[in-house]
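Student: Below is one structure. I have some questions about it.
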Amino acid sequence: MATALWVRTIRHHKIDRQTTAPCTRENPQEALEEACHQLDLPRPLWLEKNQREWEAFGQTRFLKESFFESVPFDHLEIEYIDPEAKKKRSQDPRNA
């Protein structure tokens, strides 16, 4: 399995629709455009906040205000999926 962008619309705290698109960590916006096309959604406005979250966590969220058009969901979440990446473990000693 190759790296991918997981895109999901959230409505009433549940995943409403979802898809994946091939993606690199360095350039998620192309994959986001492809995923939005697959889901027949307008492309959200990518702000500095989204860039910071993407760089730090490999995921970000777009609220309704991120779209120029009306959307039928509460927010859109994107997440970078790398099946080869090691899972990070919590450093909290209570989880030992």
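The values are calculated or read from the model by the stated rules, or taken from the named source; none is laboratory data. Note that the coordinates shown come from a computational prediction; the quantities given were computed from them, not determined experimentally. Glycine also receives a Cβ, built like all others from the backbone with ideal geometry; neighbour counts cover every protein chain displayed. Surface areas here come from the heavy atoms of the whole protein model, side chains and all, with no ligands, DNA or RNA. Shrake-Rupley method; radii C 1.70, N 1.55, O 1.52, S 1.80 Å.
Student: For the range 1-12, which residues satisfy the criterion of being farther than 18 Å from PRO72 by Cα and under 14 Å from the mean Cα position of the chain (by Cα)?
Tutor: THR3, ALA4, LEU5, TRP6
Student: For the range 67-77, indicate whether the set of residues that are surrounded by fewer than 14 Cβ atoms within 10 Å (Cβ to Cβ) and under 20 Å from THR3 (Cα atoms) is non-empty.
Tutor: Checked the range 67-77: no residue is surrounded by fewer than 14 Cβ atoms within 10 Å (Cβ to Cβ) and under 20 Å from THR3 (Cα atoms).
Student: Every residue in the range 1-54 that is open to solvent by 50 Å² or more (accessible area, probe 1.4 Å), of a type in the set (Val, Ile, Thr) and either closer than 18 Å to PRO83 by Cα or touching a His at 6+ places or on another chain (Cβ under 7 Å) (or both), please.
Tutor: THR20, THR24
Student: Next question, about the same structure. Which residues, counting only those in the range 1-30, are in contact (Cβ under 8 Å) with a residue 12 or more places away in the chain and of a type in the set (S, T, N, Q)?
Tutor: Result: THR3, THR9, GLN18, THR19, THR20, THR24, GLN29.
Student: Additional query: Out of all the residues in the range 13-38, which are more than 12 Å from the chain's Cα centre (by Cα) and over 14 Å from HIS75 (Cα atoms)?
Tutor: The answer is PRO22, THR24, GLU26, ASN27, GLU30, GLU34, HIS37, GLN38.
Student: Test LEU63 against the stated conditions and say whether it is more than 17 Å from THR3 (Cα to Cα) and either modelled with pLDDT of 95 or more or touching a Ser or Thr at 6+ places or on another chain (Cβ under 7 Å) (or both).
Tutor: Taking the combined requirement at face value, the residue satisfies it.
Student: Here is a follow-up. Does at least one position in the range 50-68 carry a residue that is of a type in the set (Val, Ile, Thr) and part of a loop (DSSP other than H, G, I, E, B)?
Tutor: No, the conditions are met nowhere in the range 50-68.
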